[in-house]
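A.B. asks: The structure under discussion is supplied below as structure tokens; questions concerning it will follow.
The values are calculated or read from the model by the stated rules, or taken from the named source; none is laboratory data. Given the structure is predicted, the values throughout are model-derived calculations rather than measurements. Here the Cβ positions follow ideal geometry from the backbone for every residue, glycine too, while neighbour counts run over all protein chains shown. Remember, those area values only see protein heavy atoms, side chains included, never the ligands or the DNA or RNA. Shrake-Rupley method; radii C 1.70, N 1.55, O 1.52, S 1.80 Å.
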Amino acid sequence: MRNIHVKDITEAVKSLCMDANYNLPEDVLQAFNSGLEIEESPVGRSVLNALKENARIAGNEKIPICQDTGFSVFFMDVGQEVHIEGGSITDAINEGVRQGYKEGYLRKSICDAFTRKNTGDNTPAVINYDIVPGDKIKIICAPKGGGSSNMSRVIMLKPADGIEGIKNFVIQRVLESGSNPCPPVIVGVGIGGSMEKVALLATKALLRPLGTINPDPVLREIEEDLLKKINDLGMGPEGFGGRFYAMAVHIEKFPCHIASLPVAVNISCHASRHKEIVL
Amino acid sequence: MSEIIKLTTPLTDKVIEKLKIGAQVLITGTLYTARDAAHKRLVDLLNSGKELPFDIRGQIIYYVGPAPARPGYVTGPAGPTTSERMDPYAPRLMEAGMKGMIGKGKRSKAVVDAMKKNKCVYFAAIGGAAALIARSIKKVEVIAYEDLGAEAVRRMEVEDFQVIVVNDIYGNDLYQEGMKKYRR
């Protein structure tokens with residue numbers, strides 16, 4: 001058994017919120033460079049250069065990459081040999097969000113669903129807990145913007161729809177999203193599980209580093225085929241026309257009920273923000 | 001699509017008539033900011049015969065809710081939000097004299113039709129390039145609805161604020177035309 005104090009969780013969350021919003025991950029910057037090599041549209045290339053410059057300014061000046069500093073989404077891998085001391089782990093995370101968004105000059109974007117009154121401190125966070133072996137806690141902070149989240153969908157396909165049905169759904173979703181989710185995007189796809197599980201799979205798919213290969217050869221082939229078909233639509237960076245609409249398609253799969261074929265799409269904007277720490 | 005046009009606000013019909021889709025434009029002058037909540041209030045005022053908090057004739061509305069400014073900064077990062085949420089309100093503002101909109105993403109048919117009728121142009125700024133965009137914003141003042149926080153109506157003074165024409169007054173759409181050009 002190892003003791004971890006809630007104060008340390010709050011501190012870690014606070015700095016993760018700021019770090020994630022100021023510093024674009026290296027794999028995304030690499031993807032912009034790859035995009036510049038294949039992008040044929042002059043406007044598309046100028047967009048990619050602007051995004052590189054934007055990331056440079058944000059990192060250097062410690063200001064957010066995007067004004068939409070997102071819903072504070074966390075993935076917590078909590079070791080089963082950890083004992084949390086000093087209070088509630090959920091309260092500690094929310095306190096970290098509160099402090100990080102205030103002290104880091106991040107936008108508070110969370111409101112009541114009916115009255116639309118802002119909660120004022122970007123809480124409550126959305127926290128997904130997993131209990132895992134070990135005596136550590138891994139915290140992944142993945143702020144998610146509203147524009148790209150609004151393009152997400154879950155559908156319960158029929159088993160007979162199969163892989164073709166899944167592909168058609170994903171392509172249609174991307175086509176309808178157009179420029180709204182701030183391309184170049186990452187398309188996260190969840191397949192299988194239950195209704196809530198499939199949405200989580202699609203979201204987790206967005207955390208996989210760009211440039212990594214799916215270990216499942218069948219999924220890898222679907223990813224490659226979808227990426228080509230999506231980029232062949234011609235929408236390009238920001239939807240102004242071009243070759244590089246999507247940086248990647250990432251798929252996560254899970255067994256499902258014999259009656260079902262759940263599919264979820266969660267799109268990440270080019271500001272694919274996520275940072276992690278292990279306590 | 002490589003020509004760069006410099007514009008100053010307010011916009012006149014003569015200037016708007018020259019703007020075609022794909023034109024890259026640098027705007028200098030004044031922008032007014034508003035998102036969904038502020039649009040609802042503005043349209044409610046017009047519909048009840050009251051005056052708007054600013055003279056909208058010839059003006060451009062920028063769909064943005066900036067992040068808070070660090071000390072020493074004029075504004076926090078301030079990139080465009082998705083425009084379609086303003087579609088229910090935009091035609092009424094055009095009738096009142098609005099001549100330009102800046103946001104990201106496609107507009108409804110009703111908005112595009114109103115743009116033709118009222119000679120109003122729709123520009124996109126680069127979504128997510130908020131730190132870069134903020135550099136062309138030189139002065140910001142909240143002029144209405146302070147209670148809305150990030151969604152309050154602000155008057156922004158901008159210099160060479162970079163946008164691209166997405167919908168012109170001739171019914172053309174850059175998203176559709178751009179896609180056609182690069183589709184395989």
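A.B. asks: Cross-chain or 8 or more residues apart, Cα under 14 Å: how many lysine pairs in region B:99-161 fit that? Count them up, please.
C.D. replies: For region B:99-161, qualifying lysine pairs total 4.
A.B. asks: Set the Förster radius R0 to 56 Å, insert the Cβ-Cβ distance between B:Lys139 and A:Ile258 as r into 1/(1 + (r/R0)^6), and round the FRET efficiency to 0.05.
C.D. replies: 0.35
A.B. asks: Run a plain Debye calculation on region A:204-247 (Cα atoms as equal point scatterers, no solvent) and give log10 I(q)/I(0) at q = 0.28 Å⁻¹, rounded to two decimals, same order as the q list.
C.D. replies: Those come out to -0.98, one per q.
A.B. asks: Between A:Val132 and A:Asn33, what is the label-point separation in nm under the 7 Å Cα-to-beta-carbon projection?
C.D. replies: The two pseudo-label positions are separated by 2.9 nm.
A.B. asks: Sort by residue number and report every cysteine in the protein assembly as shown with no other cysteine beta carbon within a distance under 4.7 Å.
C.D. replies: A:Cys17, A:Cys66, A:Cys111, A:Cys141, A:Cys256, B:Cys120
A.B. asks: Largest first and to the nearest Å, give the Cα extent of region B:28-125 along each principal axis.
C.D. replies: 42, 30, 24 Å, listed from the longest principal axis down.
A.B. asks: Also, I was wondering about something else. Check the straight Cα-Cα distances from A:Lys253 and name the aspartates and glutamates below 15 Å, setting aside those fewer than 8 residues away within the same chain.
C.D. replies: Straight-distance partners of A:Lys253: A:Glu196, A:Asp216, A:Glu221, A:Glu223.
A.B. asks: As a check on your grasp of the helix formula, calculate [θ] at 222 nm for chain B: sum -39500 (n - 2.57) over DSSP H runs of n ≥ 4, divide by the residue count, round to the nearest 500.
C.D. replies: Counting only the DSSP helices, I get -7000 deg cm²/dmol.
A.B. asks: Using unit Cβ charges (K, R positive; D, E negative) and no other charged atoms, how large, in debye to the nearest 20, is the dipole of region A:184-279 about its Cα centre?
C.D. replies: 180
A.B. asks: Rank A:Ile213, A:Ile230, A:Ile140 by mean-square fluctuation in a GNM of chain A with C-alpha springs under 10 angstrom and give only the top-ranked residue.
C.D. replies: Looking only at A:Ile213, A:Ile230, A:Ile140, the biggest GNM fluctuation is shown by A:Ile213.
A.B. asks: Another one. Rounded to the nearest 500 deg cm²/dmol, what is the calculated helix-only ellipticity per residue at 222 nm for chain A, with -39500 (n - 2.57) per DSSP H run of length n ≥ 4?
C.D. replies: Rounded to the nearest 500, the figure is -13000 deg cm²/dmol.
A.B. asks: With everything on Cα atoms, drop me the angle between helix A:89-103 and the longest principal axis of chain A, reported from 0 to 90° to the nearest 10.
C.D. replies: 70
A.B. asks: Right, next: Within region A:6-161, what percent of beta bridges assigned by DSSP are antiparallel, to the nearest 5?
C.D. replies: Antiparallel bridges: around 50 percent, rounded to the nearest 5.
A.B. asks: Along the charge dipole of region A:1-130, which of A:Pro42, A:Cys111, A:Ala12 sits closest to the positive end, that is, farthest toward it, with unit charges on the beta carbon of Lys, Arg, Asp and Glu (+1, +1, -1, -1)?
C.D. replies: Result: A:Cys111.
A.B. asks: Also: Expected output is a single nm value to one decimal: the length gained when fully extending between B:Lys109 and B:Ile5, i.e. 0.36 nm times separation in residues minus the C-alpha distance. What is it? It would help to have the intermediate numbers written out before the result.
C.D. replies: Numbers: separation 104, 0.36 × 104 = 37.44 nm, distance 2.66 nm.
Computed gain between B:Lys109 and B:Ile5 is 34.8 nm.
A.B. asks: Share of antiparallel DSSP beta bridges in chain A, in percent to the nearest 5?
C.D. replies: The antiparallel proportion sits near 50 percent.
A.B. asks: If you build a Gaussian network model of chain B, linking Cα atoms that sit under 10 Å apart, which residue out of B:Tyr73, B:Tyr63, B:Tyr89 swings the most?
C.D. replies: Maximum fluctuation in the GNM of chain B, among the listed residues, is at B:Tyr73.
A.B. asks: Now for a separate question. Give me the accessible area per residue for chain B, probe 1.4 Å, as a whole number in Å².
C.D. replies: Accessible area per residue, chain B: 42 Å².
A.B. asks: Let's test the formula: R0 of 51 Å, r as the Cβ-Cβ distance of B:Lys20 and A:Lys158. What FRET efficiency results, to the nearest 0.05?
C.D. replies: Values: r = 46 Å, r/R0 = 0.91.
My answer for the efficiency is 0.65.
A.B. asks: Give the Kirkwood hydrodynamic radius (Å, one decimal) of region A:130-181, defined as one over the mean of 1/r across all pairs of different Cα atoms. Don't skip to the answer; put the middle values down first.
C.D. replies: Details: mean 1/r = 0.0702 Å⁻¹.
For region A:130-181, inverting the mean 1/r across all distinct Cα pairs yields 14.2 Å.
A.B. asks: Also: Which residue, B:Phe123, B:Phe54, B:Phe161, has the most motion in a Gaussian network model of chain B that connects Cα atoms within less than 10 Å?
C.D. replies: Maximum among the listed residues: B:Phe54.
A.B. asks: Taking Cα pairs under 8 Å and at least six residues apart, what relative contact order does region B:25-115 come out at, in percent?
C.D. replies: This gives 30 percent for region B:25-115.
A.B. asks: Rounded to two decimals, what ratio of Rg to Rh does region B:143-183 give with C-alpha atoms and a Kirkwood Rh?
C.D. replies: 1.23
A.B. asks: What is the Cα centroid distance between region A:6-57 and region A:220-269, reported in whole angstrom?
C.D. replies: 20
A.B. asks: On to the next question. Quick one: Karplus J couplings for region B:138-146, per residue in order, coefficients 6.51, -1.76, 1.60, θ = phi - 60°, nearest Hz, x for Gly and Pro?
C.D. replies: 9, 8, 9, 9, 6, 10, 6, 6, 4
A.B. asks: Suppose every Lys and Arg Cβ carries +1 and every Asp and Glu Cβ carries -1, with no other charges. What dipole size does region A:33-103 come out with about its Cα centre, to the nearest 20 debye?
C.D. replies: 320
A.B. asks: Here's a follow-up. What percentages, rounded to whole numbers, describe P(r) for the protein assembly as shown computed over all alpha carbon pairs with 10 Å bin width beginning at zero?
C.D. replies: 4, 20, 30, 26, 14, 5, 1, 0
A.B. asks: Compute the FRET efficiency between A:Asp8 and B:Asp147 as 1/(1 + (r/R0)^6), taking r as their Cβ-Cβ distance and R0 = 51 Å, and round to the nearest 0.05.
C.D. replies: Working: r = 37 Å, r/R0 = 0.72.
Working from the Cβ atoms, E equals 0.90.
A.B. asks: Can you work out ³J(HN,Hα) from phi for every residue in region A:237-246, in order, using Karplus 6.51 cos²θ - 1.76 cosθ + 1.60 and θ = phi - 60°, giving whole Hz and x for Gly and Pro?
C.D. replies: Values per residue, Gly and Pro as x: x, 6, x, 7, x, x, 9, 10, 7, 10 Hz.
A.B. asks: Which listed residue (A:Gln99, A:Ala246, A:Gln80) has the Cα farthest towards the positive end of the charge dipole for chain A, taking +1 on Lys and Arg C-beta and -1 on Asp and Glu C-beta about the Cα centre?
C.D. replies: The Cα lying farthest towards the positive end belongs to A:Gln99.
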